[in-house]
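Structure first, then comments.
The values are calculated or read from the model by the stated rules, or taken from the named source; none is laboratory data. Since this is a predicted model, take the numbers as computed values, not measurements. Neighbour counts are summed over all protein chains in view; Cβ atoms, including those assigned to glycine, are modelled from backbone coordinates with ideal geometry.
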C-alpha cells in the first residue's frame, strides 16, 4: 500500500525569497491601524508576510530594504513596524539559538 503524504503549505520569506514550509516561518500581519505585528497563531485576518527566523533576514527587515519589502508585501498599506514586534521577533530568535546550543 502506498502512503499518502500530507500537503505542506509553502511560503516565501519577504527578504531572502527562500521557499520553505509555512510553519517554519514567522508570520507578520497588519493590525487595525496598519502597523506590522507578529502573528504568532497564524490566524489574523488579511494579508500576511512571512519572514525566515534567521538573524540575517531579521537584520535586513530593520533596514531601508526591509521597509521596502514590507510595503511591497502588504501592497502599500503597512505604516510601520512596532518596537513590540521587533522585541517579539528577537525573543523568538534568542529562544531558537538556545535550543540549538
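Across the range 30-48, the qualifying residues are those that are crowded, with 19+ Cβ neighbours inside 10 Å and under 17 Å from residue 92 (Cα atoms), and the one among them that is farthest from the chain's Cα centre (by Cα) is 36.
Only strands (runs of 3 or more DSSP E) wholly contained in the range 1-58 count here; list those with 2 or more residues that are out of contact with any helix residue (DSSP H, G or I) (no Cβ under 6 Å at 6 or more places or on another chain).
Fully inside the range 1-58 and qualifying: 10-12, 19-21, 26-30, 48-51.
Within the range 1-29, the set of residues being touching a residue at least 40 places away in the same chain (Cβ under 8 Å) and more than 19 Å from residue 90 (Cα to Cα) is empty.
If the condition is being within 18 Å of residue 17 (Cα to Cα) and in a helix (DSSP H, G or I), then the range 69-92 contributes 69, 70, 71, 72, 73. Residues of the range 23-45 that are within 21 Å of residue 56 (Cβ to Cβ) and in contact with a strand residue (DSSP E or B) (Cβ under 8 Å, 6 or more places away or on another chain): 25, 26, 27, 28, 36, 38. Summed over the range 79-94, the residues that are without any contact (Cβ under 8 Å) to a residue 60 or more places away in the chain, surrounded by 15 or more Cβ atoms within 10 Å (Cβ to Cβ), touching a strand residue (DSSP E or B) at 6+ places or on another chain (Cβ under 8 Å) and closer than 15 Å to residue 63 by Cβ give a count of 1. Within the set 21, 73, the sole residue that is loosely packed, with under 15 Cβ neighbours inside 10 Å and either modelled with pLDDT of 90 or more or over 12 Å from the mean Cα position of the chain (by Cα) (or both) turns out to be 21.
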